[in-house]
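Structure record follows, encoded as structure tokens.
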Amino acid sequence: MYSGIITDAARAFPEAAVPSAEGYYDDMISLCDSIYRGEPPWKIVRRSGLYGKSDREMSMVNAAKVLCDQMADMTFGQQADIIVSDREKQDYLNRVLQKNAFWDRMTGFFSRAYALGGGAVRVYIADGEPVLDYLGAESFIPMGWSSRAMEEGIFRSVIRRSGKYYRLLEYHSRNEEGNTRVRSRLFVSDSRYELGSEEDTAVLGVQPEVNYPFSVPMFSYFHPACGNNISDSCMGISCFYNCRDTLRAIDIAFDSLVREFILGRKRIIVPSSCIRTVVDPESGQTRRYFDADDEVYQALRCEDESELKIIDNTAELRIDEHVSAINALLNILCFQTGLSSGTLSFGTSTGVRTAAEISSQENRTQRTMNSNRNIAAEFIEGIANAVLAAGTALGHIGGGDASVKVSFSKELDNDIDKNIDRLLKLYREGIRTKEEVRAETEQYIGETMRE
């Protein structure tokens, strides 16, 4: 039950006005998470046959995962530049992000955020260093926001240690001075699905309350750039929540394609007298006897078996019809999610299209992804500001104001010359070091060679 986070938060912080959004967590987040993981409600179908009915798993494309991965790649890719006006803070931010695998984790984070309708990155201090925690929408409750950004929220983390489950709940809010305050409550249980009894937060090395000397939120929240038509909360909605019928139809068409190969295997009709029988010693029933590795012979009774000829009764495979149907459904999915027709394609006729082709040929995709990138830029800026505020509080960097700007390339492309020119410009401006430029250039060259 994904709505359990609401019950847990209400018990941990009874003074907080936790919103009643159980339906949002159970109906939207839980459903979309199961679809994203390849466990949709339509996965199991009935099978009928000679030996009775049973269930079987449908063969699926899992187009929801493909869609979210594609949108995550077009949102982030390797094309985000985080620019800080102060060189010392720029170097410090780069080190923290690199240490916390920021560039490696963000594409996967965005993919899951598109699937669940949002996600958050929490910044906390451990062992005297800022640490980034990447969380999905199921682990976060919004508690306070403004037209500018999300400012308050409750996070839940589940930790397994020594055979027990620890549930840490953190409430990020503002204190009387308007600065950031983080209160923590820890609970322990033998079951992953029960809150259990309260435990001292020192067990996990966490302070019960921390008051930071700044007002910068210690987390940042991202949601897809599509309207939430199922809830009036500030949280987002999955990019495929309103496309569930299309996703199901795609899987039905693909399952039919797979069954076409199974049912269309080569079959030869022979006289039944050519088939031997054997008595089952357990049931006493007579069964046909054949080589289990030979799947080409079938028996057929008729009036005059001696005149029955051996006939090849193999069915013709309808491959093109199935592929056309799947592509038509994928185009409908693109239309529903704000992408241009053909952005998602099933088959080999068009090959694998690069992001540059999508940028130059498909304006609808470009507009949709620009909207998502604008939100992603504010999200990443929030992470950077939280890291720099933590570094200042720890004394790692000096105080003073420093602006943070996240820049994406205007075009969704992987053109090596444009990327190298961009890196050289950042080097001349002192934003990238020579070693960083060399490493990223080698990475671009390697990716281009693979394409």
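The values are calculated or read from the model by the stated rules, or taken from the named source; none is laboratory data. Everything numeric here is computed off the predicted structure, so don't read it as measured data. Glycine gets a Cβ as well: all are built from the backbone with ideal geometry, and neighbour counts include every protein chain shown. For the accessible areas, the whole protein counts, side chains as well, though only heavy atoms, and no ligand, DNA or RNA atoms are used. Shrake-Rupley method; radii C 1.70, N 1.55, O 1.52, S 1.80 Å.
Go ahead and collect, in residue order, the members of segment 76-104 whose backbone nitrogen is under 19 Å from a label point 7 Å along the Cα-Cβ direction of Ile420. Inside the label zone: 78-79.
For the peptides 236-247, 193-204, the ranking by packing is 236-247, 193-204, with the highest mean count of neighbouring Cβ atoms within 10 Å listed first. The fraction of all Cα pairs in segment 1-142 landing in successive 5 Å bins from 0 to the largest distance is 2, 8, 13, 14, 15, 13, 12, 10, 6, 3, 2, 1, 1, 0, 0, given as whole percents. Here r is the Cβ-Cβ distance between Ser197 and Ile44 and R0 is 45 Å; the resulting FRET efficiency, rounded to 0.05, is 0.75. Using the Karplus relation 6.51 cos²θ - 1.76 cosθ + 1.60 with θ = phi - 60°, the per-residue 3J(HN,Hα) values for segment 376-385 come to 5, 5, 5, 4, 5, 4, x, 5, 4, 5 Hz, with x marking Gly and Pro.
Order of 137-146, 112-121 by packing, highest average Cβ count within 10 Å first?
Values: 137-146: 19.2, 112-121: 26.7.
Those peptides, ordered most packed to least, come out 112-121, 137-146.
Simple spin-label estimate for Ser34 and Asp104 gives 3.3 nm between the two label positions (7 Å along the Cα-to-Cβ direction from each Cα). Per-residue 3J(HN,Hα) values for segment 191-198, derived from phi via the Karplus relation 6.51 cos²θ - 1.76 cosθ + 1.60 with θ = phi - 60°, read 10, 5, 9, 10, 5, x, 9, 6 Hz in sequence order (x marks Gly and Pro). The peptide list 123-133, 376-386, 179-189, put in order of mean Cβ contacts within 10 Å with the highest first, becomes 376-386, 179-189, 123-133.
Return, ordered by residue number, the residues of segment 199-232 whose backbone nitrogen is under 20 Å from a label point located 7 Å along Cα→Cβ of Glu176. Within reach of a label on Glu176: 208-216.
Fully extending the segment from Asp232 to Arg364 would add 44.8 nm, taking 0.36 nm per residue of separation and subtracting the current Cα-Cα distance. In this calculation the C-beta distance from Ser324 to Ser157 is compared with R0 = 45 Å, giving a FRET efficiency of 0.45. Between Arg174 and Arg181, the built amide H atoms are under 5 Å apart, and every one of these is 5 or more places off in sequence or on another chain. Spin-label model, Ile262 to Val210: label points 7 Å out along the Cα-to-beta-carbon direction sit 5.3 nm apart. Applying D = kT/(6 pi eta Rh) to segment 156-259, where Rh is the Kirkwood radius over alpha-carbon pairs, T corresponds to 25 °C and eta to 0.890 mPa s, the Stokes-Einstein value obtained is 138 µm²/s. The distance between label points at Ser371 and Leu394 comes to 3.8 nm (points 7 Å beyond Cα on the Cα→Cβ vector). Solvent exposure of Leu394, expressed as accessible area, is near 60 Å², computed with a probe of 1.4 Å over the protein chains only.
Computed with a 1.4 Å probe over protein heavy atoms only, the accessible surface of segment 102-216 comes to 45 Å² per residue. Listed values for segment 331-343 are Karplus-derived 3J(HN,Hα) couplings in whole Hz (6.51 cos²θ - 1.76 cosθ + 1.60, θ = phi - 60°), namely 5, 5, 4, 4, 4, 6, 9, x, 9, 6, 4, x, 4, and x replaces Gly and Pro.
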